[in-house]
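The values are calculated or read from the model by the stated rules, or taken from the named source; none is laboratory data. This one's a predicted model, so the numbers in the text were calculated from it and none came from an experiment. Here the Cβ positions follow ideal geometry from the backbone for every residue, glycine too, while neighbour counts run over all protein chains shown. What goes into the accessible areas is simple: the full protein's heavy atoms, side chains included, and nothing from ligands, DNA or RNA. Shrake-Rupley method; radii C 1.70, N 1.55, O 1.52, S 1.80 Å.
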Amino acid sequence: MLKQTAFSTLSTLDPIRDGFRAAIARAVATFGATSPNPSVGCALLDSEGRILTVGVHPKAGQPHAEAMALAQARDTGVLDQARMAIVTLEPCNHTGRTPPCSEALRNSPVEHVWIGVADPTPQAAGGAARLQEMPGGRDVTFLKDVPELADLYRDCRALLAPFQSRVTRHRPWISVKQALDRDSSMIPPVGQTTFTSEASLMLAHRLRRATDAIITGVGTVLADKPRFTVRRVQDHVGRAKRLLVVCDRHGRLPADWKAEMEQSGFDVLTSTDLLAVPAMLADRGVNWAMVEAGPALLKTVSEAGLWDDWLTIRKDGDTDHITLQSRDESPLRLLRENACSLES
Ligand SMILES: NC(=O)C1=CN([C@@H]2O[C@H](COP(=O)(O)OP(=O)(O)OC[C@H]3O[C@@H](n4cnc5c(N)ncnc54)[C@H](OP(=O)(O)O)[C@@H]3O)[C@@H](O)[C@H]2O)C=CC1
Ligand SMILES: Nc1c(N[C@@H]2O[C@H](COP(=O)(O)O)[C@@H](O)[C@H]2O)[nH]c(=O)[nH]c1=O
């Protein structure tokens, strides 16, 4: 049952749940497009809990999710019906590249703001307090205070995890994707660079789309001459250049392959020290990086605890057996669970 407020006409949390689900699903599709900013979604609901519109932050420098949702509602003539805003991240309270979302919501008919997670940056935090400030204050509820919506709180943390990782740990969220053949070998048959199923490759390409950087080893480059492009799913239109870090201690990286990769939209960097790569990527605004490397580099990644989630795709008959080792707030779990929203 909802806490009764002067304006609350809802008798269940279902519309709030649906609003968060829609905002999260749409925001998941922006993974890989927003860095150095986070992926954020905002749903506007009317007094009956019907979703009026869902907005996302499409790209750094463009409007935030709240501003997008309010603009969409205005453009479609439903803004005056908006009573609740559901945002996966606390509305910002500062003038950055765009004006504060706390003010935009205060200037709207929205009476109640539901917030997924608090903003982890000191510059942007304070939006909830500003929304509640009298006179003209709005009701604010944080998901962490609603035990019935704990699953959505977890999903909002997963949505923010790449950004949160960069700003609080100065390293991107790091996802490993490892394909294993039936005999547990990572080495593809002669003449091939991959051996997993079409569905698994689709997931691998979704992960490429969602991440800002790929970390690989020079052994993989020499063996496979991989393309590392996003092919099986539609990539973000006009996305920033993706980074490719090749761990290479002895300058073995072929110059012609590097030039080809740069032509196909990568910024290619080399590193002689894998352990220094996370901070180097964070310096460049990378929120989420994936590792596509052979057994030698993966051994160090594992031993150094340099990963946040680890996807193992094991060939198993005609299908593959996929396991994900991760913490609660894994964005890769969220990506898998919301796969259909990526194709829309
Ligand atoms: N199944 C799968 O998921 C995948 C399979 N593969 C397969 O793996 C094989 C290649 O594996 P492998 O030879 O192990 O290649 P890797 O991609 O693991 O690259 C190994 C190289 O990385 C460099 N390196 C290792 N540790 C560090 C470190 N701490 N800092 C900096 N550089 C480091 C070393 O370069 P240096 O020699 O300069 O010291 C080493 O030779 C290929 O057959 C490929 O097809 C590749 C990717 C994924
Ligand atoms: N073998 C293997 C993978 N291997 C990774 O994919 C790279 C090839 O990428 P591309 O050139 O873009 O097709 C290869 O070099 C290695 O990094 N990936 C998988 O999803 N499944 C697989 O079975």
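Quick notes on this structure:
- Residue in the range 186-202 that is modelled with the highest pLDDT, counting only those that are closer than 16 Å to ILE322 by Cβ and in a loop (DSSP other than H, G, I, E, B): MET186
- Qualifying residue in the range 262-270 (condition: within 12 Å of ligand 2 (Cβ to nearest atom), surrounded by fewer than 21 Cβ atoms within 10 Å (Cβ to Cβ) and in a loop (DSSP other than H, G, I, E, B)): yes
- Pair list, Cβ < 7 Å and 6+ apart or interchain, from the range 231-255 residues that are in a strand (DSSP E or B) to residues that are within 16 Å of ligand 1 (Cβ to nearest atom) and open to solvent by 50 Å² or more (accessible area, probe 1.4 Å): VAL246/THR270
- Every residue from the range 203-230 that is among the small types (Gly, Ala, Ser) and assigned to a helix (DSSP H, G or I): ALA204, ALA210, GLY219, ALA223
- On inspection, SER165 passes the criterion of being within 21 Å of ARG333 (Cβ to Cβ), away from ligand 1 (no atom under 16 Å from the Cβ) and modelled with pLDDT of 95 or more.
- Filtering the range 287-344 to residues that are open to solvent by less than 10 Å² (accessible area, probe 1.4 Å), assigned to a loop (DSSP other than H, G, I, E, B) and not small (Gly, Ala, Ser) leaves ASN287, ASP308.
- Considering (1) farther than 17 Å from SER175 by Cβ; (2) away from ligand 2 (no atom under 15 Å from the Cβ), the lone condition that LEU274 does not fulfil carries the number (1).
- Here ALA279 fulfils each of the conditions (1) surrounded by 16 or more Cβ atoms within 10 Å (Cβ to Cβ); (2) more than 8 Å from ligand 1 (Cβ to nearest atom) apart from (1).
- Among the candidates VAL110, VAL78, residue that is among the aliphatic types (A, V, I, L, M), in contact with a Lys or Arg (Cβ under 9 Å, 6 or more places away or on another chain) and open to solvent by less than 40 Å² (accessible area, probe 1.4 Å): VAL110
- Test: residue in the range 189-202 that is within 16 Å of ligand 2 (Cβ to nearest atom), surrounded by fewer than 23 Cβ atoms within 10 Å (Cβ to Cβ) and among the charged types (D, E, K, R): yes
- A single entry from ARG182, ARG166 fulfils the requirement of being of a type in the set (D, E, K, R) and surrounded by 21 or more Cβ atoms within 10 Å (Cβ to Cβ): ARG166.
- Qualifying residue in the range 82-99 (condition: open to solvent by 40 Å² or more (accessible area, probe 1.4 Å), under 17 Å from the mean Cα position of the chain (by Cα) and of a type in the set (S, T, N, Q)): no
- Candidate set from the range 213-231 (those that are more than 15 Å from ligand 1 (Cβ to nearest atom) and crowded, with 16+ Cβ neighbours inside 10 Å); member that is nearest to the chain's Cα centre (by Cα): ALA213
- Residues that are crowded, with 21+ Cβ neighbours inside 10 Å and more than 13 Å from ligand 1 (Cβ to nearest atom), drawn from the range 203-212: ARG206, ARG209, ALA210, THR211, ASP212
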